[in-house]
1. Given the pairs A:Lys332/A:Lys407; A:Lys12/A:Lys86; A:Lys151/A:Lys332; A:Lys86/A:Lys317; A:Lys261/B:Lys162; A:Lys332/A:Lys416, which span a C-alpha to C-alpha distance of over 22 angstrom in this model?
2. So for the protein assembly as shown, Kirkwood radius off the Cα pairs, Stokes-Einstein at 37 °C and 0.692 mPa s: how many µm² s⁻¹?
3. Provide, for q = 0.17, 0.22, 0.24 Å⁻¹, the log10 of I(q)/I(0) from a solvent-free Debye sum over equal Cα point scatterers in the range A:293-391.
4. Quick one: what Rg and Dmax do you get for the range B:1-55 from the alpha carbons, in Å?
5. Evaluate the relative contact order of the range A:41-131 (contact order divided by residue number), counting alpha-carbon pairs under 8 angstrom at least 6 apart; express in whole percent.
6. So for the range A:202-266, Kirkwood radius off the Cα pairs, Stokes-Einstein at 25 °C and 0.890 mPa s: how many µm² s⁻¹?
7. Can you list residues whose amide H is under 5 Å from A:Asn295's amide H, if they're 5+ apart or on another chain and H is modeled 1.01 Å from N?
8. Taking K and R as +1 and D and E as -1, what net charge do the other residues with C-beta under 15 Å from the C-beta of B:Tyr24 add up to?
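Throughout, read-outs are computed from the coordinates displayed, never taken from laboratory work. Keep in mind the model is a prediction, meaning the values are calculated, not measured. With ideal geometry, Cβ positions are generated from the backbone for all residues, glycine too; neighbour counts draw on all protein chains shown.
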Amino acid sequence: MDRIVLIGLNHKTAPVEIRERFNLVCMDTRGPLSDLVRLRSLRESFYLSTCNRMEVLCTSPRLDEGIGAVVGLLGEIYGQTGAALKPYLYIHIDQDAVKHLFRVACSLDSMVVGEPQILGQIKDAYRQATEVKAPGVVLNRLLHKSFSVAKRVRTETRIGSSAVSISYAAVELAKKIFGELEGKTALLIGAGEMAELAAEHLISNGIERIAVANRTLERAMALARRFNGSTVPWEELVEELRKTDIIISSTGSPEPILTGKQVRKRMRARRNRPLFFIDIAVPRDIDPEVNRIDNVYLYNIDDLQGIVEINRAERIKEAARAEHIISAEALKFDTWLRTLEVVPTIVSLREKAEQIRETEIRKTLAQLDSLSGGEIEAIHILTRSVVNKLLHDPILFLKRISTRSRKDLYLDVARKFFRLDEDQPETEEGEDQLSLDSDKVS
Amino acid sequence: MVNESLVILSFITTLLYSVGTIGYLIYVVRTEVTIHRIAYGFLLAGFLCHSLGLALLVGQIRQMPVTTLPQTFSLFAWAIVGSYLAFQLKFNIRVFGTFVSPLAVIFMLLSSAIPGKIIPTSQLSQSFWLILHVSTIFIGNAIFALAFCAGIMYLLQERQIKTKSFGLLYRRLPSLETLDSLNYVCLTFGFPLITIGLISGFVYAGAVLRSFWHWDPKEILAVITWLIYAVLLHERLAVGWRGRRAAIMAIVGFSIILVTFVGATLVLKGHHTFMRG
């Protein structure tokens with residue numbers, strides 16, 4: 001039976017100088033995939049490379065030889081011997097390999113736990129691998145399983161649902177206030193990396209329009225162009241409160257630019273539609289008093305940072321639940337894998353039976369040359385159904401024992417019983433069978 | 001025979017509602033769609049069982065099932081669950097059930113805890129106006145019960161966002177906007193219903209009791225309730241009263257309904273007293 005092997009390195013085991021080496025190799029070509037396919041000690045293979053990790057997943061009938069070949073190949077890519085690379089590598093086998101792949105797909109092994117990109121990267125790598133037919137029955141199933149496990153973890157735990165960056169935390173809050181962001185408008189006061197990032201997040205989450213206000217018009221116009229929005233004259237900033245829903249403020253102003261009084265006065269004109277202030281400036285741009293007004297919500301940089309901290313902690317907690325799901329799914333995969341082990345026996349049993357049937361038919365037909373086509377067909381049907389009926393129960397039995405711990409024994413007996421292995425030493429049963437055969441011949 | 005099966009049906013209904021409620025409470029902790037589906041299923045089963053019980057009761061007493069206080073509570077629970085099941089289909093706010101289903105259980109328990117005997121059929125109770133009065137008032141009030149739950153959900157969520165302290169419910173509760181529009185939708189459905197309910201009540205009173213108005217405590221409270229919802233609807237449309245204030249109004253409105261419903265019947269006297277023999 002083939003073993004599943006996973007050899008890889010990640011941000012925890014290897015420094016960036018080594019990781020980038022593998023990332024570069026696969027930039028322009030398929031990476032080592034084509035070489036992997038050529039390795040004779042492997043049956044199936046799959047290769048994944050991202051900024052933070054490199055993983056080779058393969059199945060091999062000869063474990064040590066397979067591992068040696070892969071490590072050697074990776075050493076070559078790295079520009080040294082396999083032995084030089086070995087301290088940075090981890091090698092997982094069978095169940096551990098399956099679990100590791102699941103953990104990677106679920107983003108439990110990522111630098112930022114719960115980040116969603118990794119699944120897409122695995123899917124891309126898988127597509128590339130299937131183009132050269134690198135994965136076969138086992139890895140195809142395993143990779144598809146990893147996609148569904150990742151999906152299950154994502155829906156049943158909150159591993160990826162909480163924002164771990166300030167700009168994303170702001171967007172999440174906006175969604176809790178406004179529901180959908182479609183049709184809402186945002187006002188960007190001042191500029192700055194974090195404010196612009198937040199604006200970008202808002203746009204990708206469906207916000208309709210972005211207006212930009214800046215003390216220098218040039219800067220305002222540049223930003224407005226970038227976000228495909230309009231500019232607001234600095235003097236009309238307060239009046240803009242009637243039209244906008246979300247305000248992101250990050251000016252370098254030493255004193256507040258919006259007071260509670262100014263905001264309160266505009267709420268009636270807004271017919272009390274909610275207003276969400278995101279104040280990323282230090283010192284703060286918006287008077288904290290604003291948060292006391294009905295339907296107005298104000299978050300400053302510390303508030304957002306607080307959410308991010310809580311979410312980080314929560315992700316770690318959710319990871320434990322995810323691990324539980326992964327263990328259960330790895331076990332399920334193992335069960336499937338075991339059924340695979342009985343398949344060769346079933347196949348050779350069927351083949352042997354068919355072979356006997358054909359030989360015997362040929363002998364019989366050689367002696368009966370007066371039969372019509374219909375009669376020959378009837379003999380075929382008869383013999384086939386006898387064979388199938390006879391094999392039905394043994395095959396069912398083999399499928400049933402596939403999940404039992406002592407299946408090797410059963411398989412061994414089955415193979416001996418039907419003498420499925422040609423090089424099998426002739427036992428008493430074998431002799432009996434031989435004599436039966438010779439009886440028939442005579 | 002009928003009485004026995006009514007008691008059994010009522011017991012099964014309460015049981016199904018309770019299991020549904022427990023399911024909805026579990027759903028808050030473990031947000032799995034399957035759990036919600038099971039809880040919804042139990043509520044639906046309870047509702048069907050309840051409907052059967054009410055149909056049998058109506059068949060027996062041949063009038064609206066509001067002759068005793070237990071019957072009234074039971075009918076109200078039925079109206080709440082029915083409106084909730086319909087709203088859930090339309091809005092699909094899963095955690096809503098966690099707030100609504102306990103109400104149904106409470107009313108069912110009250111219904112079985114309070115003794116009440118069935119009074120003989122009177123000619124008074126079979127008028128079209130009375131049937132219209134009772135059904136619109138009950139469904140309207142049930143929808144206001146939903147608005148009450150939406151109001152509580154809004155206040156909980158708003159408090160968390162305002163004070164920046166996020167608990168378990170923050171993720172489970174929908175956005176403020178959704179909760180506010182839920183409140184509004186309840187208002188637009190509930191208000192016309194209780195308006196019709198009040199008018200048909202006056203018409204019925206005028207026809208049968210020869211006077212539209214009796215200074216009955218329940219009548220007074222009902223008009224006050226109606227005024228509260230009228231103000232809420234008006235302010236909402238005219239100056240955009242929404243959010244916290246609308247949520248509080250919905251909660252106050254329903255509290256007065258409860259006082260009208262329970263308090264006035266138990267404490268005060270008047271022709272709306274259900275237990276009057």
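1. Working: A:Lys332/A:Lys407 17 Å; A:Lys12/A:Lys86 14 Å; A:Lys151/A:Lys332 16 Å; A:Lys86/A:Lys317 33 Å; A:Lys261/B:Lys162 18 Å; A:Lys332/A:Lys416 30 Å.
Beyond 22 Å: A:Lys86/A:Lys317; A:Lys332/A:Lys416.
2. Working: Rh = 32.4 Å.
After rounding, the answer is 101 µm²/s.
3. -0.91, -1.11, -1.18
4. Both quantities, over Cα of the range B:1-55: 12.9, 43 Å.
5. Values: 86 pairs, mean separation 22.7, N = 91.
Rounded, it is 25 percent for the range A:41-131.
6. Values: Rh = 12.8 Å.
In µm²/s, the coefficient is 192.
7. B:Arg244
8. Working: positive: B:Arg30, B:Arg37, B:Arg94, B:Arg172; negative: B:Glu32.
Cβ neighbours under 15 Å give a net charge of +3.
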